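> Right, I'll just put the structure down here and ask away after.
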There are 2 protein chains.
Amino acid sequence: MRVQMPTKTLAEALGHVERVVPSRSSNPGLSLLRLDLEPERLVLSGSSLDLDIRARVEADVQGEGSAAVPAAVVGQVVRSLPSDTVELAFGDFDLEISSGGFSTRLQLVAAGNAPEVHFTGTFDGGIDARDLASALEHVRYAAAVADYQAVFRGVRLELHDGRTRAVATDGFRLASYHTDVSTGLDADLLLPARSVDEVVRLLGDGTAAMALAAGQVTVDNGPYTVNVKLMEGTFPDYERVIPKAFPVSMEVGADALAQAVTRVAVMADKSANHRVDLFVKDGVATITAEGSYGRAQEALEVRQAGTEDEISLAFNAKYLSDAVAPVRGDLRLRFSGSTTPSVVDDLADPAYLAMVVPLRTG
Amino acid sequence: MRVQMPTKTLAEALGHVERVVPSRSSNPGLSLLRLDLEPERLVLSGSSLDLDIRARVEADVQGEGSAAVPAAVVGQVVRSLPSDTVELAFGDFDLEISSGGFSTRLQLVAAGNAPEVHFTGTFDGGIDARDLASALEHVRYAAAVADYQAVFRGVRLELHDGRTRAVATDGFRLASYHTDVSTGLDADLLLPARSVDEVVRLLGDGTAAMALAAGQVTVDNGPYTVNVKLMEGTFPDYERVIPKAFPVSMEVGADALAQAVTRVAVMADKSANHRVDLFVKDGVATITAEGSYGRAQEALEVRQAGTEDEISLAFNAKYLSDAVAPVRGDLRLRFSGSTTPSVVDDLADPAYLAMVVPLRTG
């Protein structure tokens, strides 16, 4: 059993698999990388239990068979190899990795000790890989971190005829990315936000084929296939909470708004939710913050519209910045009231919508 | 009291002062930045007790006076300002920082609360700032971290007629940078390695003027002046331990050697001093390491010389890599024996010399 291939190809595939496979685990098998030699292909696979990953990369392969090695060690070795090509020679007890004048012998583990990962679903669904990555990337920030209710730590993926939508919320803000694309599937899925990060990193060009099975969705794109274990739980009825009427709205460059909020927020107290105040009147949005060191203020010219002349409200600076961050050009910020959610629209991309609940100031 | 100046100038000066001033301290005055308005100059100063720093930067100044503010907050504000120019307006109780549409008011503290820093020595000495930076940078890595004897945590600076030398050692390795330059001073100084890092960062073009006073050395270069509090203690008689006879030596590219050591060391056990073995014979240096995951080896072609045909010894991989790192082109590695120190020379820069003690392998 012998494999020859470009070092870069192996390093890239290993990089992805290594991020999934835990470097330490109470179950030592879980930190193993499984290697399968197929005709003209080296297959690398591993699992974190939440996520199974497989990379199938072209290689010059002699022989067939399977083996396992600790993923973290192989990754470290391969990233530092001196030559553009690498050779893997499998012995009975060890794997010799050679490149240029360098060689290393790693003790092998029987392949059976590594977690078995199966990618056996039927790929009934498909979507342009870049579209899927874009939808997930736009909303991922709005998922909650560890402290919150489990369902808030997921990203919902709604796959229906003529409609693909990604949504995330932590109860204080929400992000949604809606496209008219069909995947050929009909399901509402809830993916762990951490698995979503990995899926986004793997997605490249071409089609991402999708297969549903009990408790998991399989995504296949380029050399990579992943099983994402789905979360259970009832996602909130979020459409109900998005306001319909907006007495004041403003349009402004997303970058200008984000920078102003960041600057002013330096003076905000962390213990008071990073509160920044926003006052919109006469085409000027004035952002202020006050804390134990002093006070900051910035005025931005905006294109103001609406049925009312002014509005005053307060936000968590981080939540407002996060909502604005995916917008490249100009955005519209619509205010439903001082205590009810505000909505961010990307003027160049109607697929994106974000909602932020103002802070209570009374 | 009012100051106008380019944002970049203020941000750069603040960046240096802020690194010295502790952001929190049991003595709250120590975390203050002192601002003095002089004709056409804003003077920023602060102290960490180990190091006093002063930056005098050109500015459009109206009025004279002094005030203090928390250093960390000002730094954060100034780094994010929107416009190329900034205005500081000093009121009775607060400092208003304005730039573009942004403004902030910081509560002022009476200047007397900030540490008083005096730069009153006579600048009898001087050296090209780049030469001083180069000497300190070449040796700093060999100083010990916190665990060791105090004197090993310093960098020795030997200033004598026709001789300027920087030396650091932790007892297991040593680095020395020797030049024939005269500073006009005659003293052996011991500077804390952390203060050396800051001095290196501040040094720019032109002359670094030097003044000696009881327990400190003052260095003045460009807009910056620092007082470095000196360490006490007897530096080891290091010249005595540098070997004189070398039965084997080899010449090789520094980068090729460093990379090979790093690659092979992946297999070395951290608990065994990152041991890598080196065997030099017939113009080939073979580097090997063995640990719980397996074994690695790399062969490098070298230009070998000396009275003996071969040598075999072991190093801490990190110590060998550190000694090699300051060399840009080719180096000579001279071996005095398997258990006695080896010496690294930079073939393009005779000022640099490093010594590494081999690991005991018996």
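The values are calculated or read from the model by the stated rules, or taken from the named source; none is laboratory data. Treat the numbers as computed from the prediction; the structure is a model and nothing was measured. Every residue, glycine as well, gets a Cβ built from its backbone with ideal geometry; the counts of neighbours run over all protein chains shown. These accessible areas exclude ligands, DNA and RNA; they are computed on the full protein's heavy atoms, side chains included. Shrake-Rupley method; radii C 1.70, N 1.55, O 1.52, S 1.80 Å.
> When only residues in region B:233-252 that are surrounded by 14 or more Cβ atoms within 10 Å (Cβ to Cβ) and over 19 Å from B:Ser321 (Cα atoms) count, which is nearest to the other protein chains (Cβ to nearest Cβ)? Break it down into steps so the answer makes sense when it comes.
Applying the first criterion (surrounded by 14 or more Cβ atoms within 10 Å (Cβ to Cβ)) to region B:233-252 yields B:235-236, B:238, B:241, B:243, B:246-252.
Pick out the ones that are also over 19 Å from B:Ser321 (Cα atoms) and you get B:235-236, B:238, B:241, B:243, B:246-248.
On the way: B:Phe235: 37, B:Pro236: 35, B:Tyr238: 33, B:Val241: 33, B:Pro243: 29, B:Phe246: 25, B:Pro247: 25, B:Val248: 20 Å.
Among those residues, the one meeting the criterion is B:Val248.
> Which ones in region B:70-97 are closer than 21 Å to A:Leu257 by Cα and either free of Cβ contacts under 8 Å to residues at least 12 places away in the same chain or open to solvent by 40 Å² or more (accessible area, probe 1.4 Å) (or both)?
Passing the criteria: B:Gln76, B:Arg79, B:Ser80, B:Pro82, B:Asp84, B:Thr85.
> Just a yes or no: is a residue in region A:283-302 open to solvent by 20 Å² or more (accessible area, probe 1.4 Å), more than 14 Å from chain B (Cβ to nearest Cβ) and outside any helix (DSSP H, G or I)?
There is no residue in region A:283-302 that is open to solvent by 20 Å² or more (accessible area, probe 1.4 Å), more than 14 Å from chain B (Cβ to nearest Cβ) and outside any helix (DSSP H, G or I).
> Got at least one residue in region A:98-118 being surrounded by fewer than 21 Cβ atoms within 10 Å (Cβ to Cβ), more than 30 Å from A:Val228 (Cα to Cα), small (Gly, Ala, Ser) and more than 14 Å from every other protein chain (Cβ to nearest Cβ)?
Within region A:98-118, not a single residue is surrounded by fewer than 21 Cβ atoms within 10 Å (Cβ to Cβ), more than 30 Å from A:Val228 (Cα to Cα), small (Gly, Ala, Ser) and more than 14 Å from every other protein chain (Cβ to nearest Cβ).
> Tell me whether region B:253-261 contains one or more residues that are β-branched (Val, Ile, Thr), within 23 Å of A:Phe102 (Cβ to Cβ), out of contact with any Ser or Thr (no Cβ under 6 Å at 6 or more places or on another chain) and within 14 Å of chain A (Cβ to nearest Cβ).
Residues of region B:253-261 β-branched (Val, Ile, Thr): B:261.
Narrowing further to those that are within 23 Å of A:Phe102 (Cβ to Cβ): B:261.
Checking the rest, the ones that are also out of contact with any Ser or Thr (no Cβ under 6 Å at 6 or more places or on another chain) come to none.
Taking every residue of region B:253-261 in turn, none turns out to be β-branched (Val, Ile, Thr), within 23 Å of A:Phe102 (Cβ to Cβ), out of contact with any Ser or Thr (no Cβ under 6 Å at 6 or more places or on another chain) and within 14 Å of chain A (Cβ to nearest Cβ).
> Working only within region B:230-245, note down all residues that are assigned to a helix (DSSP H, G or I), touching a strand residue (DSSP E or B) at 6+ places or on another chain (Cβ under 8 Å) and not aliphatic (A, V, I, L, M).
Listed by number, the list holds a single entry, B:Tyr238.
> Quick check on region B:270-291. Is at least one of its residues out of contact with any strand residue (DSSP E or B) (no Cβ under 7 Å at 6 or more places or on another chain) and touching a residue at least 60 places away in the same chain (Cβ under 8 Å)? Show your work before the answer.
Let us first name the residues in region B:270-291 that are out of contact with any strand residue (DSSP E or B) (no Cβ under 7 Å at 6 or more places or on another chain), namely B:270-272, B:282, B:290-291.
Checking the rest, the ones that are also touching a residue at least 60 places away in the same chain (Cβ under 8 Å) come to none.
No, region B:270-291 contains no residue that is out of contact with any strand residue (DSSP E or B) (no Cβ under 7 Å at 6 or more places or on another chain) and touching a residue at least 60 places away in the same chain (Cβ under 8 Å).
> Follow-up question, since we're still on this one. Going through region B:79-91 one residue at a time, which ones are of a type outside the set (Gly, Ala, Ser) and more than 10 Å from every other protein chain (Cβ to nearest Cβ)?
The first filter runs over region B:79-91 and keeps only residues of a type outside the set (Gly, Ala, Ser), leaving B:79, B:81-82, B:84-88, B:90.
Selection gives B:Asp84, B:Thr85, B:Val86, B:Glu87, B:Leu88, B:Phe90.
> Among the numbered criteria (1) without any contact (Cβ under 8 Å) to a residue 60 or more places away in the chain; (2) under 23 Å from B:Phe172 (Cβ atoms); (3) in a strand (DSSP E or B), which one does B:Ser338 miss?
(3)
> Quick check: anything in region A:264-276 crowded, with 16+ Cβ neighbours inside 10 Å and hydroxyl-bearing (Ser, Thr, Tyr)? Let's see the steps before the verdict.
Just the residues of region A:264-276 that are crowded, with 16+ Cβ neighbours inside 10 Å, to begin with: A:264-268, A:273-276.
Adding the requirement that they be hydroxyl-bearing (Ser, Thr, Tyr) leaves none.
No, region A:264-276 has no match at all.
> Could you please let me know if B:Asn221 is of a type outside the set (Ser, Thr, Tyr), closer than 21 Å to B:Leu49 by Cα, in contact with a Ser or Thr (Cβ under 6 Å, 6 or more places away or on another chain) and open to solvent by less than 20 Å² (accessible area, probe 1.4 Å)? Walk me through it before giving the result.
On the way: of a type outside the set (Ser, Thr, Tyr): yes; closer than 21 Å to B:Leu49 by Cα: yes; in contact with a Ser or Thr (Cβ under 6 Å, 6 or more places away or on another chain): no; open to solvent by less than 20 Å² (accessible area, probe 1.4 Å): yes.
Considered against the rule, which asks whether it is of a type outside the set (Ser, Thr, Tyr), closer than 21 Å to B:Leu49 by Cα, in contact with a Ser or Thr (Cβ under 6 Å, 6 or more places away or on another chain) and open to solvent by less than 20 Å² (accessible area, probe 1.4 Å), B:Asn221 comes out as no.
> Select from region B:50-66 the residues that are of a type outside the set (Lys, Arg) and surrounded by 15 or more Cβ atoms within 10 Å (Cβ to Cβ) and list them in ascending order. It would help to see each step written out before you state the result.
Our first condition is that a residue be of a type outside the set (Lys, Arg); within region B:50-66, this holds for B:50-53, B:55, B:57-66.
B:Asp50, B:Leu51, B:Asp52, B:Ile53, B:Ala55, B:Val57, B:Ala59, B:Val61, B:Ser66, listed by residue number.
> Mind telling me which of the residues A:Ala325, A:Ala272, A:Ala305, A:Ala314 ends up being more than 14 Å from chain B (Cβ to nearest Cβ), small (Gly, Ala, Ser) and closer than 30 Å to A:Asp188 by Cβ? Working first, answer last.
Values: A:Ala272 fails: closer than 30 Å to A:Asp188 by Cβ; A:Ala305 fails: closer than 30 Å to A:Asp188 by Cβ; A:Ala314 fails: closer than 30 Å to A:Asp188 by Cβ.
The match here is A:Ala325.
> Return the residues of region B:33-49 that are buried (at least 16 other Cβ atoms within 10 Å of the Cβ) and farther than 19 Å from B:Met1 by Cα; say none if nothing qualifies.
B:Gly46, B:Ser47, B:Ser48
> Turning to a different aspect of this structure: Look at region B:88-110 and say how many of its residues are outside any strand (DSSP E or B) and touching a Pro at 6+ places or on another chain (Cβ under 8 Å).
At the first step, the residues of region B:88-110 found to be outside any strand (DSSP E or B) are B:91-93, B:100-101, B:108, B:110.
Okay, now just the ones that are also touching a Pro at 6+ places or on another chain (Cβ under 8 Å), so B:100-101.
Final tally of qualifying residues: 2.
> Can you name every residue in region B:309-362 that is of a type in the set (Ser, Thr, Tyr), in contact with a Lys or Arg (Cβ under 7 Å, 6 or more places away or on another chain) and open to solvent by less than 30 Å² (accessible area, probe 1.4 Å)?
If the condition is that a residue be of a type in the set (Ser, Thr, Tyr), in contact with a Lys or Arg (Cβ under 7 Å, 6 or more places away or on another chain) and open to solvent by less than 30 Å² (accessible area, probe 1.4 Å), then B:Ser342 is the only one that fits.
> Would you check if B:Leu132 is within 14 Å of chain A (Cβ to nearest Cβ) and within 34 Å of the chain's Cα centre (by Cα)? Please lay out each step first, then the result.
Working: within 14 Å of chain A (Cβ to nearest Cβ): no; within 34 Å of the chain's Cα centre (by Cα): yes.
Taking the combined requirement at face value, the residue does not satisfy it.
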